[in-house]
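Below: one structure, written as C-alpha cells.
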Amino acid sequence: MKKRVVRAEEFEVVDELGHVRMRIGLSADEHPFFSMLDADGSVRARFGVQADGAAGLAIADDNGKVRATFGLSSDGSASLAFGDKNGRIRAKFGLGSDASPTMGVDVEDGELEHRHKLAEQGTPTMGLYDQRGKVRVRLGLAAGGAPVLRLLDADGTVRAIVGLANDDSPFVQFLEDDGKRPGWTQR
C-alpha cells in the first residue's frame, strides 16, 4: 500500500454545526501549532514549537485565561505552571537549565511566597517569605544531606537553627545578632 501525503497551510476539524474544534497550522511567524477549541470557538489548549526549538502546551479556562502551561525551553529548562482565574502564574515547578529542581508558590494577593530551589551548596531548600519579600523561614538540606530548619529575623539574618548534624544527632542553635556566632547550642 502506497502512503499518501496531504499538504496544506492549515487544517481545521469542524463539528456537525461547522464550528472549528481543532486547528493545525503555522502561526503568523511561521511556527507550527496544534489548537483545540471549545464549542464557542475559544482556544482551550494549544501546543506549539518556537524557532529556537522551545516547545510548550498551554491550557486555558472557559474565559480564555491560560491556567496551566507545560514547556521545554531551548536552554533545556522545563517547567509546569498553574495560573489563577486572572491568568497570573501562581505556582511553578521545574528544572533549571543545569537540571536543578525549582518550585515557587505565590499565595493570594502576594502576601506569602513559597519557593524551593537549590542552595549555594547544591542542596534543595524551601523558603517562606513575608509581605516585604524577606525570607523568614528556610527549610532544606545541609551540604552533607542532613535536614535543617533556619529561622530568620526581619532583616534576613539567621537567628535560630534546628536540625540534624551530619552524624544524625539533633541540635538546636541560637545565633548572636550578626547571625554567625553561636549564642547557645544544644546537642
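Here are a few things to note about the model shown:
- Annotation for segment 74-93: at least one member residue is open to solvent by less than 60 Å² (accessible area, probe 1.4 Å), of a type in the set (Lys, Arg), outside any loop (DSSP other than H, G, I, E, B) and closer than 30 Å to MET126 by Cβ.
- Restricting segment 1-21 to residues that are out of contact with any Asp or Glu (no Cβ under 7 Å at 6 or more places or on another chain) and in a strand (DSSP E or B), the residue that is nearest to ALA39 (Cα to Cα) is VAL14.
- Segment 27-63: number of residues that are open to solvent by less than 80 Å² (accessible area, probe 1.4 Å) and without any contact (Cβ under 8 Å) to a residue 24 or more places away in the chain: 21
- Entry remark, segment 163-187: residues being open to solvent by 60 Å² or more (accessible area, probe 1.4 Å) and under 13 Å from ARG150 (Cβ atoms) number 2 in total.
- Subset of segment 97-132 that is modelled with pLDDT of 65 or more, of a type outside the set (S, T, N, Q) and not in a strand (DSSP E or B) - its residue that is least open to solvent (accessible area, probe 1.4 Å): ASP130
The values are calculated or read from the model by the stated rules, or taken from the named source; none is laboratory data. Every value quoted in this text rests on a predicted model; they were computed, and no experiment measured them. No Cβ is skipped: glycine too gets one built from the backbone with ideal geometry, and neighbour counts run over all protein chains shown. Surface accessibility is based on the protein's heavy atoms, side chains included, excluding ligands, DNA and RNA. Shrake-Rupley method; radii C 1.70, N 1.55, O 1.52, S 1.80 Å.
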